[in-house]
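One structure is given below, encoded as structure tokens.
Every number here is computed from the coordinates shown, using simple stated rules; none is lab data. Quantities reported herein were computed from a predicted structural model and do not represent experimental measurements. When we count neighbours, we look across all protein chains shown, and the Cβ atoms used for this are built from the backbone with ideal geometry, even at glycine.
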Amino acid sequence: MKIMTVIGARPQFIKCAPVSRCLRKCATEILVHTGQHYDLDMSDCFFHQLQLPEPNYNLGIGSATHAKQTGEMLIAIENLLLQEKPEVLLVYGDTNSTLAGALAAAKLQIPIAHVEAGLRSFNSRMPEELNRILTDHVSSRLFCPTNTAVDNLAREGITNGVQLVGDVMFDALWQHHLVADSQSTILQKLTLSPKSYFLATIHRAENTDNLSKLVIIIETLLELSRSGTPVVLPLHPRTRKKLAETNLDVTCSKMILTRPVSYIDMLKLESNAKAILTDSGGVQKEAFWLSVPCVTLRDETEWVETVASGWNFVAGVDRFRILRYVYGINDHFSGKSPVGEDGHAAERIVASITSKSCDWVCTRPLGAHTC
């Protein structure tokens with residue numbers, strides 16, 4: 001069986017790794033990298049650390065407007081589908097790479113499998129929300145990480161091909177967190193000790209492309225750092241570029257700006273942070289599984305389970321609310337044990353796509369396991 005996988009962004013490399021590892025045991029995978037994330041810090045090092053095979057094709061699309069980027073991907077992926085003739089197209093998440101792959105396959109009547117189906121922020125201004133909805137509505141197999149995702153699809157009339165499989169990002173974290181703990185030297189490089197710093201990530205267009213929001217976030221992080229607790233901020237290329245357009249002075253001794261960090265370095269930083277401030281969906285989940293308090297710098301989240309558990313607070317871009325949650329960690333965060341995954345989502349996905357019951361495939365119901 002031949003399956004084409006389309007990925008293009010850092011979170012997709014993480015999601016793809018455990019699935020690809022299982023998939024190649026019983027099928028032929030054609031791996032396509034669109035080039036949406038293309039520099040070493042956002043791409044190559046992830047392939048190496050996650051032990052992803054070299055892509056069969058790298059389209060090298062790079063950055064552009066949403067329409068231009070998606071259009072160029074659509075044309076290139078269609079050509080590859082016509083050339084390779086896969087039986088299934090596999091896509092992940094909610095990026096332009098996801099949508100372009102799904103649309104190209106749908107036009108050619110090639111079945112589409114969507115990993116991380118059913119997520120909804122209910123904010124149609126987000127490009128990611130449009131990508132999710134459109135991809136789900138043309139997919140044949142919809143692999144949901146949570147019951148909430150299954151319910152979201154049912155409300156939209158999508159029930160055929162929907163499966164609750166668990167979260168492949170947990171599979172990746174489970175497989176790599178011990179490696180990160182033993183091999184990463186990021187804390188020594190940054191002269192940090194465990195639970196003595198805050199970790200922040202900012203990359204969503206709603207925050208980076210709105211300079212007034214970006215200024216509020218950075219000024220709030222600077223205020224936190226000036227209080228005596230270092231703030232580590234790995235800068236996404238888009239964030240770095242937009243930050244240069246402001247007049248903010250970020251040269252604070254306790255504000256640690258870095259280039260994007262590798263996967264194992266990020267896991268090390270996350271697991272040892274006092275708290276995490278982020279607009280990333282993936283980081284929210286990793287914080288939850290690692291039992292680290294998280295403050296989400298958006299007005300909503302797709303990962304409502306992390307909020308219900310008491311580990312994640314949605315603060316938006318509101319200086320007062322952000323500081324109130326961060327300074328009041330012990331008062332606000334519940335400390336309830338996170339609801340667990342079991343680390344076998346990838347196996348369920350591969351078993352469903354290939355219709356094979358191999359001895360390595362986990363056939364038990366979705367259960368609990370935490371790091």
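Say R0 is 35 Å: what FRET efficiency, to the nearest 0.05, do Arg125 and Thr229 get from their beta-carbon distance?
According to the calculation, E is roughly 0.60.
Relative contact order for the stretch 181-332: what percent, with Cα pairs under 8 Å and sequence separation of 6 or more?
24
Classify the stretch 22-168: rounded, prolate or oblate, from the alpha-carbon gyration tensor (a ≥ b ≥ c, eigenvalue square roots; a/c under 1.5 rounded; otherwise prolate if a/b is larger than b/c)? Display every interim value, and only then the final one.
Working: a/c = 1.43, a/b = 1.31, b/c = 1.09.
Judged from the Cα gyration tensor, the stretch 22-168 comes out rounded (a/c under 1.5).
In a GNM of the chain with a 10 Å cut-off on Cα contacts, which of Ala345, Ala154, Ala275 has the highest mean-square fluctuation?
The residue that fluctuates most here is Ala154.
Based on DSSP, what percent of beta bridges with both residues in the chain are antiparallel, to the nearest 5?
So the antiparallel bridges amount to about 5 percent of the total.
Anything over 23 Å Cα to Cα? Flag those among Lys254/Lys274; Lys15/Lys254; Lys189/Lys254; Lys213/Lys242; Lys25/Lys85, in the order listed. Don't skip to the end; give the middle numbers.
Numbers: Lys254/Lys274 14 Å; Lys15/Lys254 33 Å; Lys189/Lys254 15 Å; Lys213/Lys242 11 Å; Lys25/Lys85 20 Å.
Going by Cα-Cα distance, Lys15/Lys254 fall outside the 23 Å limit.
Under a point spin-label approximation (7 Å from Cα along Cα-to-Cβ), what is the Ala205-Lys189 distance to one decimal in nm?
Result: 3.0 nm between the two label points.
Between Ile217, Ile276, Ile186, which gets the highest mean-square fluctuation from a Gaussian network model of the chain, Cα cutoff 10 Å?
It is Ile186.
If we count every other residue with Cβ under 13 angstrom of Val32's Cβ, Lys/Arg +1 and Asp/Glu -1, where does the sum land?
Once positives and negatives cancel, what remains is -3.
Find, to one decimal place in angstroms, the Kirkwood hydrodynamic radius of the stretch 181-332, where the mean of 1/r is taken over every pair of different Cα atoms and then inverted.
Working: mean 1/r = 0.0653 Å⁻¹.
Result for the stretch 181-332 stands at 15.3 Å.
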